[in-house]
Amino acid sequence: MEKDVYILGIESSCDETAAAVVKNGREVLSNVISSQIAMHTLYGGVVPELASRKHIENINPVITQALSDAGMTLQDITAVAVTYGPGLVGALLVGVAEAKALAYAAHLPLVGVNHMEGHVCANFLENTELEPPFLCLVVSGGHTHLVRMKDYGEFEILGCTHDDAAGEAFDKVARAVGLGYPGGPKIDAEARKGNPQAISFPRGHIEGSRYDFSFSGLKSAVLNYLNQAEMKGETVNRPDLAASFQAAVVDSLVSRAIMAAEEFGEDKIVIAGGVASNSCFRETMERECRAHGIKFYRPRPIFCTDNAAMIASAGYYDYRKGIRSGWDLNAIPNLKFGER
């Protein structure tokens, strides 16, 4: 019988300090997240230096709690997996330094994980039957990618954003209409009260690139709408604006995913990243997949936002492939999707 593999995952790429223990890449034994949202809300967004300092304060207690919740000690762990990019360099360095110290002291293998690949692997934590190949939309505050996962750790990028990421557009529009930070959940909640067809906003596209995205034009259209209303002394219906903006983002995402699935003959679509917790996105993708005979998978919202369980899952599949990181592992803030 094959021996069970227990991965301690560590995540500190932005403003969540997280640690988790995952068994065999799929069974979550613990998942501890210390969020900094309350602190950064005071500044209207993440302040990198403050995030780094908070990670230093939180990382040891978070890891201790993750091991305790799993009923394990470091001696029970098979390997340590850690996010080393992309992300905020100071924040990443905290997690990488901690992971290297733990792995070295406990004589454990170290596996550096690409944060974006971790988001994809979040789908394995709840969908035990899911196996590659499949199509995946990874949508977050900093990234919007449409990729094919051909095998574990093997990705083909079909498209990405040429300017703003979808989550970034949510944050900027939320700030412009006075909803504040974090923008994604607040736009989602406001949009539930509005009419998504009230305002006709553009769907950005890149000439000659079927699967690439552009959201800066949409963001500008919203800002222009607000400015014109102010100049005319008109009152803006905020729920309608939020719903119409959200519909434009979701339409751009879903239409490209369905188009790619049909072109490449994929019968499974998964979504990942913070924006994958958006209710309109989840409902629209599920409806369109059903209409086109495509199986649809998505993680619970807790596994859409940054967490260490997804890093442990990705680390498991890298570990099984024999991938190991040296003690010279460093933070790479601009690490690309699929790079190691």
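The values are calculated or read from the model by the stated rules, or taken from the named source; none is laboratory data. Because the structure is a prediction, the values reported are computed rather than measured. As a convention, Cβ positions derive from the backbone with ideal geometry for all residues, glycine included, and neighbour counts pool all protein chains shown.
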Quiz item: hydrophobic (A, V, I, L, M, F, W, C), under 12 Å from VAL177 (Cβ atoms) and over 27 Å from the mean Cα position of the chain (by Cα) - does that describe any residue in segment 232-243?
Solution: yes
Practice problem: Scan (1) surrounded by fewer than 20 Cβ atoms within 10 Å (Cβ to Cβ); (2) in contact with a Lys or Arg (Cβ under 6 Å, 6 or more places away or on another chain); (3) under 18 Å from HIS119 (Cβ atoms) for the single condition LYS295 breaks and write down its number. | Solution: (3)
Quiz item: Which of (1) polar (S, T, N, Q); (2) assigned by TED's automatic domain parsing to the domain that holds GLY159; (3) in contact with a Gly (Cβ under 8 Å, 6 or more places away or on another chain) is the odd one out, the single condition THR284 does not satisfy?
Solution: (3)
Quiz prompt | Residues of segment 149-186 classified as among the β-branched types (Val, Ile, Thr) and part of a helix (DSSP H, G or I), total | solution = 1
Exercise. Could you please let me know if VAL21 is in contact with a helix residue (DSSP H, G or I) (Cβ under 6 Å, 6 or more places away or on another chain), part of a strand (DSSP E or B), buried (at least 18 other Cβ atoms within 10 Å of the Cβ) and touching a residue at least 12 places away in the same chain (Cβ under 8 Å)?
Key: yes
Practice problem: For segment 166-180, indicate whether the set of residues that are of a type outside the set (Val, Ile, Thr), surrounded by fewer than 18 Cβ atoms within 10 Å (Cβ to Cβ), assigned by TED's automatic domain parsing to the domain that holds ASP212 and closer than 22 Å to CYS289 by Cα is non-empty. | Solution: no
Self-check item: Filter result for the condition that a residue is among the charged types (D, E, K, R), in contact with a helix residue (DSSP H, G or I) (Cβ under 9 Å, 6 or more places away or on another chain) and surrounded by fewer than 24 Cβ atoms within 10 Å (Cβ to Cβ), over ASP306, ASP267
Solution: ASP267
Practice problem: Only residues in segment 146-161 that are at positive phi count as the first member; pair them with residues that are in a loop (DSSP other than H, G, I, E, B), Cβ under 7 angstrom, at least 6 apart or cross-chain, and list the lot. | Solution: GLY153/LYS321
Quiz item: Is at least one residue of segment 92-102 under 22 Å from ARG300 (Cα atoms), in contact (Cβ under 8 Å) with a residue 40 or more places away in the chain and out of contact with any Asp or Glu (no Cβ under 7 Å at 6 or more places or on another chain)?
Solution: no
Self-check item: ALA243 vs. criteria crowded, with 18+ Cβ neighbours inside 10 Å, farther than 29 Å from PRO132 by Cα and at pLDDT 95 or above
Solution: yes
Quiz item: So which helices (runs of 4 or more DSSP H) stay within segment 35-148 end to end and still have 1 or more residues that are closer than 15 Å to ILE311 by Cα?
Solution: 48-70, 89-106, 115-121
